[in-house]
Amino acid sequence: MALPPHVSTGPSAAPARQPVYALVGNPNCGKSTLFNALTGLKQKVGNYPGVTVEKKIGTTYSQHGQPITVIDLPGTYSLAARSPDEAVTRDVLLGRRADTAQPDRILCIVDATNLERNLYLVHQILDLGRPVILVVNMMDLAAQAGLTLRLARLEHELGLPVIACEAVHGRGLIELKLAMSRPDLPLSRHAWDVPAAIAPAVAELQASLTSNDRKSPLIARAEALLLLTDQDALRVAGSTPLCPRTVEILESWKKRWAAEGTDWAGTLVASRYEAIGHLATAVIQTSGTAGPTTSDRIDAVVTHQLWGWLVLGGVMTLLFLSIFTLAETPMNWIDDQAAALSTWVKHAMADGDLRDLITAGVIGGVGGVVKFLPQILILYFFIGLLENTGYMARAAFIMDRLMSRVGLNGKSFIPLLSSYACAIPGIMATRTIEEPKDRLVTILVAPLMSCSARLPVYLLMIAALVPGDRVPLATKVVIMILMYALGTFGAFGFAWLFKRTLLRGAPPLMIMELPPYRLPRLRDVALHMIERAWIFLRRAGTVILGISIVLWFLSAYPKAPAGVTDQQQLAQSFAGRAGHALEPIIKPLGFDWQIGIGLISSFAAREVFVSTMGVVFNAEAKDDDTTPLRQAMLNAKWPDGRSLFTPLTCFSLMIYYVFAMQCMSTIAVVKRETNGWEWPVFQTFYMTGTAWILSFIVFQAGRALGF
C-alpha cells in the first residue's frame, strides 16, 4: 500500500507566533555544534519535567531580524525509543508532552559520512507531515572519505530544502538561516510502501488515533506506524496516555500476528530500509579510491590494547597536573581578594554581630568555596575537549573490557567519567543505556566517582595533612590520584556486587559508534564551561551563601556569658550542640564535634565543608593579617591537648568523603530517575555506611600502628 505523497497546496501562511524549530538528529552528527552556532549564548538549559533529560531552548534570528525559537532535542537513531532521552525526542515531535508545545517545523541534521544510516530517522520524521529542513553536516569529512553527495537529487526526491553544512567551521549557516526564514516551507513529497500484511492494522490504528485520540490524520498515521515498532510506546514518563480503544486495537493485532508467526516490527523496519536504500543509491557516489582515514590511523594507536591504555593514562595525568599547576595563580588571587574585602569590612564597620556575619558568614563562607572555581573550570574544559574531539567514545571503547569484568559495558564509562565533574550530569547520561538493570547499577555507583565538589575538601585536607608551609606538587598529585582511584575502584567493586546480587544479569554487548576525530570547537567548549561555572557560582551565591549564614547564626547563638573564648561560645551554640550529639558516632573515625558540624552542613553540598570549617574555626581576615584556614585547623586540639587534624585524621576524613553520599541534589536526581525513594534511600545508606566502616578501619589501624 503506497502512502499518498504530501503535497503542499501553496505557500503556507506565516506563523502568527514566533516559529519554533525542533533540532533533531543521530548522536555524533554535530547537532549540538549547530545549535550553539545558531543560538550562541541565547540559551536556556533545564530538565523536562518528570525525567532528568536536559532541555535546551535557544533563540536565533531570521534574515529580517525576527526571533526564531530552536529546541535542541536529545540525539536518537530512531523514533522507536529505547531510552528516556530518545522517548523525549519522540514525544515532543508527536505532541505528547503537555510541558512542551509541538514544534511548528523540524531541522533534521544528518552526518554526510553516514548518510544512509541517518536517513532512517529522516524517513520517520517525514511521516509526521510537518515542514522539514534537511541539514547535511560534515560535508568536508565526506569529501575526505571519497564520497560525493548529489544533494540537488536528494532535494528533488524528498521535495524539501537540503542545506550543505560544516557546522564546526560555520559554513552553510547563512543558507540555513535563509531557509528557516521562509514562511512557505513546503511539505515533503515523501512516499513509501507499507507492507500489505501490516497495512490494515496501520489503517485501523490511524482511524482510532484520529477519532479517539484527536490526532491529525498525518500524525495519526505516523504514530500508528511507530506503535508497531516502539516496544515502550505506551509507558513513558510525561507522555499523554493513549485511549483504551487504541491500546486494545494494538494488542489485538499483536496477538493475531504472534499466532500467525508474523514479525510485524521487523517487516516494517525492513520496508523502510528498502525505500532508504533506493534513495541512497541515487544520491551517494563513492570514488572507490579512499584509503584509511585520519580517524582510522589515529585509532590504530589510541584504541590499541597497549598504547590505548598509555594514552588514556597520559590524558588523566595531564588533567590532574593541570588542575594543580594552572589553577594555583587564579586561586591565590581569589583568596587575596576575599581577604582584602574582609579586611576592608572590618575597618569600615563597627564591631558587632552584623560585621561578624559579613566577614565570617558571607565572605568567609562563600569565598572559601569560590576560590576553587578555577580548578572546576579546568576539569570541565578537559571534559569538553574529550567530547569535542571524539576521544570520549574511544575511552569508553578501551574501558569496555574492564567494565565487562564488573558486569557492565563501555557505555557505562561515559556516565562514570562525567561524574568526575558532577554526579548529576553523570546520572543523567545513563539515559543512553538501554538495559534497565545496567542503567540502575550505573546510577547507584556514579556518585562514588570523585566529583568536583570533593576537590575543595581533598585540597584542604592535603594542605592540613602535609607539614610545612607549602605542599609539594608531587605530593598533591599522588594523594589526589589515590583518592580518585579509591572512588573509581569502589564504584567498580559495588557494580560487580550489585550485578551478582540485587540486579543480577549478564553483561550486555556494547554497540557504540566511534565518531570521526575533529578539531575541538573552542567556542562550544567555552559555552560548556561558562554554563557549568554559572551553575557553580549560582549555588555559591544561593545554597552555600544561605548555609553559611544559617551556620554562622547557629554558631553565634545562643550567646554565652561575656568573657568566654570563641571555642567555648561555639561549643555551647546550637551548632555545637548538634556536633556534640553526633560526636559519639564519629569519634571512632578520629572526628570531633567540630568536624561533625561540617559533616552535617555539607550534606547539602560537599564543598560546603570548607566554608563550614572557616566559620567553625573563625578563619577570616583579621585587621591586616589573613589567618589561613589550614593554620587554624592545625591549631585545633582535643580537650586533652592532642592535635585534632593529624595526618591520620585528615586521611580518614578524605576517605569518608570519597564514599559518603553527601549531596542532597544527587539524591533528588536519583529519586526522579528511578521514580521512587527506594533506590536513593538504599544508595544513601550503603554509601555512607561504607564510608564509616572504611574510615573506622583506616583510623583504628593507623592508631594501632602508631601513626
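Brief remarks on what is shown
- Residue within the stretch 697-706 that is on the phi < 0 side of the Ramachandran plot, more than 29 Å from the chain's Cα centre (by Cα), among the hydrophobic types (A, V, I, L, M, F, W, C) and not in a helix (DSSP H, G or I) present: yes
- Selected residue [within 22 Å of Ala224 (Cα to Cα) and in contact with a helix residue (DSSP H, G or I) (Cβ under 8 Å, 6 or more places away or on another chain)] from Leu93, Leu107, Leu134, Leu115: Leu93
- The condition of being within 19 Å of Cys29 (Cβ to Cβ) and part of a loop (DSSP other than H, G, I, E, B) holds for only one of Leu187, Leu160, Leu176, that being Leu160.
- Of the residues making up the stretch 298-330, those that are of a type in the set (A, V, I, L, M, F, W, C), surrounded by fewer than 16 Cβ atoms within 10 Å (Cβ to Cβ) and not in a helix (DSSP H, G or I) are Leu306, Leu326.
- Ala562 being hydrophobic (A, V, I, L, M, F, W, C), more than 22 Å from Ser418 (Cβ to Cβ) and either at pLDDT 75 or above or loosely packed, with under 14 Cβ neighbours inside 10 Å (or both): yes
- Filter result for Gly129 (at positive phi, part of a loop (DSSP other than H, G, I, E, B) and either surrounded by 19 or more Cβ atoms within 10 Å (Cβ to Cβ) or in the same structural domain as Ser32 (by TED's automatic domain parsing) (or both)): yes
- Comparison of Ala474, Ala464 shows that the only residue that is crowded, with 24+ Cβ neighbours inside 10 Å and over 21 Å from the mean Cα position of the chain (by Cα) is Ala464.
- Residue within the stretch 161-171 that is surrounded by fewer than 20 Cβ atoms within 10 Å (Cβ to Cβ) and touching a strand residue (DSSP E or B) at 6+ places or on another chain (Cβ under 6 Å) present: yes
- Inter-residue pairs, beta-carbon under 7 Å, first at positive phi and in the stretch 578-590, second among the hydrophobic types (A, V, I, L, M, F, W, C) and surrounded by 15 or more Cβ atoms within 10 Å (Cβ to Cβ), 6+ apart: Gly590/Leu648; Gly590/Phe699
- Residue in the stretch 427-445 that is under 25 Å from Tyr656 (Cβ atoms), outside the structural domain of Thr76 (by TED's automatic domain parsing) and without any contact (Cβ under 8 Å) to a residue 60 or more places away in the chain present: yes
- Taken over the stretch 638-664, residues that are at pLDDT below 90 and crowded, with 22+ Cβ neighbours inside 10 Å amount to 4.
- Of note, Ile358 satisfies the criterion of being over 30 Å from Met483 (Cβ atoms), free of Cβ contacts under 8 Å to residues at least 40 places away in the same chain, in contact with a helix residue (DSSP H, G or I) (Cβ under 6 Å, 6 or more places away or on another chain) and surrounded by 16 or more Cβ atoms within 10 Å (Cβ to Cβ).
Conditions (1) assigned by TED's automatic domain parsing to the domain that holds Gln66; (2) of a type in the set (A, V, I, L, M); (3) closer than 29 Å to Thr674 by Cα; (4) modelled with pLDDT of 80 or more, marked per residue:
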site: Cys165; (1), (2), (3), (4): yes, no, no, yes
site: Ile174; (1), (2), (3), (4): yes, yes, no, yes
site: Pro186; (1), (2), (3), (4): no, no, no, yes
site: Trp192; (1), (2), (3), (4): no, no, no, no
site: Lys215; (1), (2), (3), (4): no, no, no, no
site: Leu225; (1), (2), (3), (4): no, yes, no, yes
site: Gln231; (1), (2), (3), (4): no, no, yes, no
site: Ala237; (1), (2), (3), (4): no, yes, yes, no
site: Ser252; (1), (2), (3), (4): no, no, no, yes
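- Number of the exception - Met654 against (1) within 20 Å of Ile427 (Cα to Cα); (2) touching a residue at least 60 places away in the same chain (Cβ under 8 Å); (3) assigned to a helix (DSSP H, G or I): (1)
- Close pairs (6 angstrom Cβ cut-off, 6 or more residues apart or separate chains): outside the structural domain of Phe494 (by TED's automatic domain parsing) and in a helix (DSSP H, G or I) in the stretch 673-684, surrounded by 11 or more Cβ atoms within 10 Å (Cβ to Cβ) and basic (Lys, Arg) anywhere: Pro680/Lys671
- In the stretch 291-300 there is at least one residue that is within 33 Å of the chain's Cα centre (by Cα), among the β-branched types (Val, Ile, Thr) and at pLDDT 80 or above.
- For the criterion of being surrounded by 17 or more Cβ atoms within 10 Å (Cβ to Cβ) and at pLDDT below 85, Thr674 passes.
- Residue within the stretch 272-290 that is surrounded by fewer than 15 Cβ atoms within 10 Å (Cβ to Cβ), of a type in the set (Asp, Glu), over 30 Å from Gly390 (Cα atoms) and modelled with pLDDT under 85 present: no
- The stretch 380-401 residues that are within 14 Å of Asn28 (Cα to Cα), paired with ones that are among the basic types (Lys, Arg) and surrounded by fewer than 20 Cβ atoms within 10 Å (Cβ to Cβ) (beta carbon under 9 Å, 6 or more apart): Asn388/Arg518; Thr389/Arg518; Gly390/Arg518
The values are calculated or read from the model by the stated rules, or taken from the named source; none is laboratory data. Predicted model, so just to flag it, every value in this text is computed and none were measured. Quick reminder, even Gly has a Cβ in these numbers, built from the backbone with ideal geometry, and neighbours come from all protein chains shown.
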